[in-house]
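Single-structure report; data block below.
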Amino acid sequence: MKSQAHHKRSRPKAIFIRKYPSKKTNNSNSNSNSKCTMAATASQTSAAQNAAYDIPELYRMRPAVVDALETDSSAMQQDTIEECLPFLLGEEDLGPRNVHGIPLLDKQRHLNFLRKQLGPLPGAFMAADPSRPWFFYWCLAAMSLLGEDVAFYREKLVETVRPMQNATGGFAGGQGQMSHLATTYATILSLALVGGEAAYDVVDRKSMWHWLGSLKQPDGGFQMAIGGEEDVRGAYCQTYEGGISAKPSVEAHGAYAFCALGCLSIIDSPHRGIPRHLDLPRLISWLSSRQYAPEGGFSGRTNKLVDGCYSHWVGGCWPLIEASISGPQEGFAAEAATPATEARSLFSRNGLIRYILCCCQDLSKRGGMRDKPSKNSDAYHSCYVLSGLSLAQHKWTMKSARLDATVLGSDEWVVTPYLEGQQIFSEDDRLATTHPVYVIPQHKADDIRDYFVNKAGF
């Protein structure tokens, strides 16, 4: 088991076998028998502790089938299982757990971490200066999910990002840098999160329009910056595996899958755009293969390890996949939704929730969310782990679709708590919701779109 050096909480002694110095004796079996007895006692104590929790066998047992050919990847996978199991089984002290072995979500601890991430950062972050807009988005989005009103940051954000906008269009990562699609995207989302006309009016729409046009490529994709790379953040490519890659002839990746599905859901309704351009059964097969047991979390690529951030990048694909299969649900009323008698989901929601709450919380003084227990928390993982948790806790339904692709972004989505099957987390730990396409609160996405739709010209 790998544990963080800064984790201050004590661990149950039952999971450790204390090694005593050998005694000089002529009986060579005495020491061996003593160790076996101690190991058996520790095992029995641990088993009794685990029995107190209602944990499905799939999430408490090591895989029954292991490939006999050991590789670096398979060894790392086994190490990750051993790292995560003590957290999943209740052997690590994460504070009070419920009957399902699930600890509470320490919202206040994680909010404190995110507030610090919006303040001055140490010198080691200098290399991340071109990514400053992403820090704004990651923190503001995560805080919104935890119930914080981030409008408080509006004035500061406006002052900070205004100089990052270039006269030729788009936003850079910092003042005096080149405009880039990724930092432009993060800046627009951040402005939408704080909301208000003062934030929206920062955007020079006319120069933005011309700049985006200059990035458009003959093959249909977009460069990320003038003279820069072209990949799935501006286009997409489905691979032989069924997943989505950055460009032809490279491996599929979970983040690119979400980008592609999001793109198709923007340019047309999911039930038309996604099946028209993608082999949906193969994509579903590939996405399903990304969820592992006993961890319960998602990996981003074939033969890679689980990582908390894919709770969003892969987990966030499922509402769009479900909408592409079901189509618009005319007449659906959120207030009339009732629990079903059986769980019906394309992925294991409870498996993901278990991984996030047991393995992805940094419950040291630091706070925040992380990749896995051996990793440090950061703003990136805090945002996408919490986004994935929210999506696992809620069900998004496309109530009605735009008439055709020319009516941009007018699909109507309805969100309800996911009530099917057994709920394993405390109701107090249910997060706020985030739009399945834009990954900001739905009312924030509606507000900024309505503002610009009603604005004459540029």
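Some points to look at:
- Cα shape, segment 338-458, gyration tensor, a/c 1.5 rule: oblate
- Taking 15 Å as the cut-off, the amide N atoms of segment 179-219 that come nearer than this to a point 7 Å along the Cα-to-beta-carbon line of Thr168 belong to 179-181, 207-216.
- With θ taken as phi - 60° and the Karplus curve 6.51 cos²θ - 1.76 cosθ + 1.60 applied, the whole-hertz 3J(HN,Hα) list for segment 414-421 is 10, 10, 9, x, 6, 10, 7, x Hz, x standing for glycine and proline.
- Centroid-to-centroid, using Cα positions, segment 406-458 and segment 348-383 are 23 Å apart.
- With the simple model of a label 7 Å out from the Cα in the direction of the Cβ, Asp149 to Glu330 spans 4.0 nm.
- Net length available on complete extension from Arg430 to Gln177 is 87.1 nm, with 0.36 nm assigned per residue and the Cα-Cα distance removed.
- Full extension of the chain between Phe125 and Arg60 yields a length gain of 19.6 nm, computed as 0.36 nm times the residue separation minus the alpha carbon distance.
- About its Cα centre, the dipole of segment 107-453 is roughly 720 debye, where the only charges are +1 on Lys and Arg Cβ and -1 on Asp and Glu Cβ.
- Net charge, Ala323 excluded, C-beta distance under 15 Å - Lys, Arg +1, Asp, Glu -1: +1
- Projected label distance in nm at Thr71 and Ser289, using a 7 Å step from Cα toward the beta-carbon: 1.2
- Residue exposure sequence - Arg276, Arg349, Arg60 - by fewest surrounding Cβ within 10 Å: Arg276, Arg60, Arg349
- For segment 169-175, 3J(HN,Hα) per residue [Karplus equation, 6.51 cos²θ - 1.76 cosθ + 1.60, θ = phi - 60°, Hz, x = Gly/Pro]: x, x, 10, 8, x, x, 5
- Trp209 paired with Thr406, simple spin-label distance in nm, labels 7 Å along Cα-to-beta-carbon: 1.7
- Cα gyration tensor category, rounded, prolate or oblate, for segment 130-202 with a/c compared to 1.5: prolate
Each value in this text was obtained by applying a stated rule to the coordinates, not by laboratory testing. Computed from a prediction, not measured in an experiment: that's the story for all the values here. No Cβ is skipped: glycine too gets one built from the backbone with ideal geometry, and neighbour counts run over all protein chains shown.
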